[in-house]
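Notes for the one structure printed next.
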């Protein structure tokens, strides 16, 4: 759940994120296997390729992120998410330490459960949020598409107290063509619902894919997550 909003900033970090995104694109063009951009609210029960790394990067209308992750085992992934305030000249907004474990490779088994935990900090390394949820993924439509379900909690510092929220939702990845997948999701925090939809484009199948999405709260138009464009680099086993 990438919903943290920070107001403090450190100047000139915008240059870092621009360079980081350029590096990700350059690596895509040199080496790569299947790529999965993940600028979603609803997660899937999948982890990075065993003995490899994964680098995700996306630009969002409200927030942009750079997320390197590494597979500790075939079922456990650990990573760090660096967040940047898009509307404040890409100022550094904070970071999160994340881990996800899964019961199986859902693309091979047809279904899988997972467990995700994330610890969020602001740009001064002050702990501000804890998120935990269970993702469930299942292949559908003769394994051409997938359904993802999430259920969990978010505990966040609102400035005066700690608030606990129920987070849940579902996402569908509908494969319409070798080079195009329709993406839709409905997400909620307590009784506040939002939607997001878009497409995954196979620019170079098995090498370079790009997700273009738009979403907002059903209560407030032009709200988070807004417009996002994401890329991801997922190489085969590196060691």
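The values are calculated or read from the model by the stated rules, or taken from the named source; none is laboratory data. All values derive from a computational prediction rather than experimental measurement. With ideal geometry, Cβ positions are generated from the backbone for all residues, glycine too; neighbour counts draw on all protein chains shown.
Values as computed for the structure displayed
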read-out: Residue within segment 120-130 that is in contact with a helix residue (DSSP H, G or I) (Cβ under 7 Å, 6 or more places away or on another chain), modelled with pLDDT of 95 or more and in a strand (DSSP E or B) present; value: no
read-out: Unique match (being touching a strand residue (DSSP E or B) at 6+ places or on another chain (Cβ under 7 Å), at pLDDT below 90 and in a helix (DSSP H, G or I)) among 27, 23; value: 27
read-out: Test set (1) surrounded by fewer than 17 Cβ atoms within 10 Å (Cβ to Cβ); (2) over 21 Å from residue 94 (Cα atoms); (3) in contact with a strand residue (DSSP E or B) (Cβ under 6 Å, 6 or more places away or on another chain) - residue 157 fails condition number; value: (2)
read-out: Residue 163 vs. criteria more than 18 Å from residue 109 (Cα to Cα) and loosely packed, with under 15 Cβ neighbours inside 10 Å; value: yes
read-out: Qualifying residues in segment 201-213 (those that are within 14 Å of the chain's Cα centre (by Cα) and either at pLDDT 85 or above or part of a loop (DSSP other than H, G, I, E, B) (or both)) - the one surrounded by the fewest Cβ atoms within 10 Å (Cβ to Cβ); value: 212
read-out: The lone exception for residue 239 - which of (1) more than 23 Å from residue 86 (Cα to Cα); (2) in contact with a strand residue (DSSP E or B) (Cβ under 7 Å, 6 or more places away or on another chain); (3) touching a residue at least 40 places away in the same chain (Cβ under 8 Å) it fails; value: (2)
read-out: Qualifying residue in segment 173-188 (condition: buried (at least 17 other Cβ atoms within 10 Å of the Cβ), within 28 Å of residue 72 (Cα to Cα) and in contact (Cβ under 8 Å) with a residue 24 or more places away in the chain); value: yes
read-out: Verdict on residue 190 being at pLDDT 85 or above and out of contact with any strand residue (DSSP E or B) (no Cβ under 6 Å at 6 or more places or on another chain); value: no
read-out: Residues located in segment 153-169, provided they are within 21 Å of the chain's Cα centre (by Cα) and without any contact (Cβ under 8 Å) to a residue 60 or more places away in the chain; value: 153, 155, 165, 166, 168
read-out: Strands (runs of 3 or more DSSP E) completely within segment 37-109 that count 1 or more residues being modelled with pLDDT of 90 or more; value: 63-71, 76-85, 91-102
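Condition check ((1) more than 15 Å from residue 121 (Cβ to Cβ); (2) in contact (Cβ under 8 Å) with a residue 60 or more places away in the chain) across all residues:
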position	(1), (2)
59	yes, yes
70	yes, no
77	yes, no
81	no, yes
92	no, yes
95	no, no
